[in-house]
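One structure is given below, encoded as C-alpha cells.
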Amino acid sequence: MSEASSSSTHRGSAYLNALTQEIEKKLQRALASPSQRRNLLQELFADIALEVDDRARDIILSGEEGGICPAEDGIDSRLCFYDVLADHYVRIPESGQRILDLIVQLWSQLFVSHIFALLFHKWIFEVQLNNDEVLLRYSSALVQGATNVFWIDIQTNSRHFQSLFRYLLEEVALEPARLNKIPVQVQRDLFLVLSRFIFFYNSVDKLESFLKQFPVFPNAFLVGGSADFFVIEVADQLQKLKVEPVLLHYLSQIKVLQGMELRMTTSTRLKTCLYSFTSPGGPMYPTRAVRHAAWDALDFLFPVGQYPRHVISLFFRLLYPWCWPSSCWNFIMSWLKAVLHTLLRVVFSSWEKVRAEKNS
C-alpha cells in the first residue's frame, strides 16, 4: 500500500471512530438524563440518518479499506451516515460494542430500536451470536426498528431508508445463509414487514423470488400460501396509508398482482379494500385522484363484473349530494377534453392526408 493510500485509509478510519465516540457520548447523556432522554435519542437518530455531505464523503471514501462504495450501499448515489457506520461495525465489530451495550441499557426507550436497526442491521448477520435469547432480542429489535423507520419514509414520502430495505430484502430475505441466522418467528415477521413496503421501495422485480423464499406459517392451512400472506399484508397496508402520493404509488404498483393465484377469501379481501377507495366520504375519504386510481386497479385486477360495480357506485354517489356539483363539473371538463382531443386528432389526420397528397 502506498503512503498516500495508507494516509487516506487512516483518515477515513479516524473519522468513523470520531463519529462512534460522538454516538457513545449522546447515548451516555441520554442514559444519565431521564428528562432529556427522548429528545437526545431523537436527535441522535436524526443525526445518523442524515445524508453524508461532500467533505465527509471525500474523507470516508478516500481509502479502499476505510470507505464504502456508494454504488453498492447508497441508492442513486445517496450515502447516509448509517450506511457507512453499519459497514464500519461489520469490518471492526469491537468498535461498536460500547454503543451496543448502551443501547441495551436504553432498550425500552423510543427511537432506540430505530438507532439499533440503522447501525447494526448488517452486524447482526455477520457476527456469531451463541446466545439464542440475545439473538432473539436483537433480531426482534431489528425488525421493529426497520418497521418504524420505513413508516417515517411513508409519512414523508421519501426514500431515506431505502438502502436498509434493499439490504433486508436482497441480502437477507433472498439469501438463506443469512436468513437462517435469525429465529424462525423473526423470519416470519421480517417477511411480513417487507411485504408491506416492497411496493413503496420499488422492488416488485424481486417479488417472484421473494414469494418463493417465504417461510412456512403455522396458520398457512387456514390462510393459504405465500401469495395470500403477501396480498393480505398489502391490503392492510393500503388501509393505513394517509399520504396521497404514497397511496397513488401503491395503487399503480398493485397491478403486478394480476394473475396471482389467491384463495377466494384473500381475493375478496383485496377487492373490498380497493372498492373502499372508490367512493367519497367515510371511512377512507379518498381524493378524486385516489378514487380514479382505485377504480383503475380494481378494473384491471378484477375485470369480471366491472360494469355492475360502476352502476352500483353511481347510485351510491347519490347519497353524497354535496359532491354533485364537483362531479358534474369534472364530468363536463372530462367530456370537453375528450371532444377537443378527438377534434385535434381529426384535424391532424386530415392535415397529414393533405400533405401526403401534395407530396405524391
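Among the numbered conditions (1) surrounded by fewer than 16 Cβ atoms within 10 Å (Cβ to Cβ); (2) part of a loop (DSSP other than H, G, I, E, B); (3) under 24 Å from the mean Cα position of the chain (by Cα), the only one that residue 236 does not meet is (2). When residue 252 is tested against (1) part of a helix (DSSP H, G or I); (2) buried (at least 16 other Cβ atoms within 10 Å of the Cβ); (3) touching a residue at least 40 places away in the same chain (Cβ under 8 Å), exactly one condition is not met: (2).
Specify the residue that is surrounded by the fewest Cβ atoms within 10 Å (Cβ to Cβ); the eligible residues are those in region 191-222 that are in contact (Cβ under 8 Å) with a residue 24 or more places away in the chain and aliphatic (A, V, I, L, M). So the residue we want is 204. Keeping to region 27-40, report how many residues are buried (at least 18 other Cβ atoms within 10 Å of the Cβ) and closer than 21 Å to residue 88 by Cβ. Total meeting the criteria: 1.
Scanning region 137-155 for residues that are more than 10 Å from residue 117 (Cβ to Cβ) and in contact (Cβ under 8 Å) with a residue 40 or more places away in the chain yields 139, 140, 153, 154, 155. Got at least one residue in region 147-168 being of a type outside the set (A, V, I, L, M, F, W, C), in a loop (DSSP other than H, G, I, E, B), touching a helix residue (DSSP H, G or I) at 6+ places or on another chain (Cβ under 6 Å) and under 30 Å from residue 264 (Cα atoms)? The answer is no; no qualifying residue exists.
Counting residues in region 244-259 that are within 19 Å of residue 289 (Cα to Cα) and in contact with a Ser or Thr (Cβ under 8 Å, 6 or more places away or on another chain) gives one or more.
Tell me whether region 140-156 contains one or more residues that are closer than 30 Å to residue 239 by Cβ, in contact with a strand residue (DSSP E or B) (Cβ under 8 Å, 6 or more places away or on another chain) and of a type outside the set (Gly, Ala, Ser). Within region 140-156, not a single residue is closer than 30 Å to residue 239 by Cβ, in contact with a strand residue (DSSP E or B) (Cβ under 8 Å, 6 or more places away or on another chain) and of a type outside the set (Gly, Ala, Ser). Restricted to region 81-98, and to residues that are touching a residue at least 40 places away in the same chain (Cβ under 8 Å) and closer than 18 Å to residue 113 by Cα, which residue is surrounded by the most Cβ atoms within 10 Å (Cβ to Cβ)? The qualifying residue surrounded by the most Cβ atoms within 10 Å (Cβ to Cβ) is 82.
Taken together, 264, 284 contain a single residue that is free of Cβ contacts under 8 Å to residues at least 60 places away in the same chain, of a type outside the set (Phe, Trp, Tyr), surrounded by fewer than 16 Cβ atoms within 10 Å (Cβ to Cβ) and over 22 Å from residue 202 (Cα atoms), which is 264.
When region 268-281 is filtered for residues that are surrounded by 18 or more Cβ atoms within 10 Å (Cβ to Cβ) and of a type in the set (Ser, Thr, Tyr), the ones remaining, listed by number, are 278, 279.
For region 172-184, a residue qualifies if it is part of a helix (DSSP H, G or I), in contact (Cβ under 8 Å) with a residue 24 or more places away in the chain and surrounded by fewer than 15 Cβ atoms within 10 Å (Cβ to Cβ), and the qualifying residues are 176, 184.
Rundown of residues vs (1) polar (S, T, N, Q); (2) at pLDDT below 80, yes/no style:
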site: 258; (1), (2): yes, no
site: 265; (1), (2): yes, no
site: 275; (1), (2): no, no
site: 305; (1), (2): no, yes
site: 310; (1), (2): no, yes
site: 320; (1), (2): no, yes
site: 348; (1), (2): no, no
site: 359; (1), (2): yes, yes
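Within region 117-155, the set of residues being modelled with pLDDT of 95 or more, over 21 Å from residue 105 (Cα atoms) and of a type in the set (S, T, N, Q) comprises 147, 155. For region 58-80, a residue qualifies if it is farther than 24 Å from residue 30 by Cβ, surrounded by 21 or more Cβ atoms within 10 Å (Cβ to Cβ) and at pLDDT 60 or above, and the qualifying residues are 60, 79. Checking the structure you have, find out if any residue of region 145-152 is over 18 Å from the mean Cα position of the chain (by Cα) and surrounded by 14 or more Cβ atoms within 10 Å (Cβ to Cβ). Checked region 145-152: no residue is over 18 Å from the mean Cα position of the chain (by Cα) and surrounded by 14 or more Cβ atoms within 10 Å (Cβ to Cβ).
Report, by residue number, each residue of region 127-142 that is part of a helix (DSSP H, G or I), out of contact with any His (no Cβ under 8 Å at 6 or more places or on another chain) and not hydroxyl-bearing (Ser, Thr, Tyr).
Across region 127-142, the qualifying residues are 132, 133, 134, 135, 136, 137, 141.
Specify which of the listed residues (29, 11, 55) is at pLDDT below 90, in contact with a helix residue (DSSP H, G or I) (Cβ under 7 Å, 6 or more places away or on another chain), assigned to a helix (DSSP H, G or I) and among the charged types (D, E, K, R). When all the criteria are applied, what remains is 11.
The values are calculated or read from the model by the stated rules, or taken from the named source; none is laboratory data. Note that the structure is predicted; figures quoted are calculated from it, not measured. Glycine also receives a Cβ, built like all others from the backbone with ideal geometry; neighbour counts cover every protein chain displayed.
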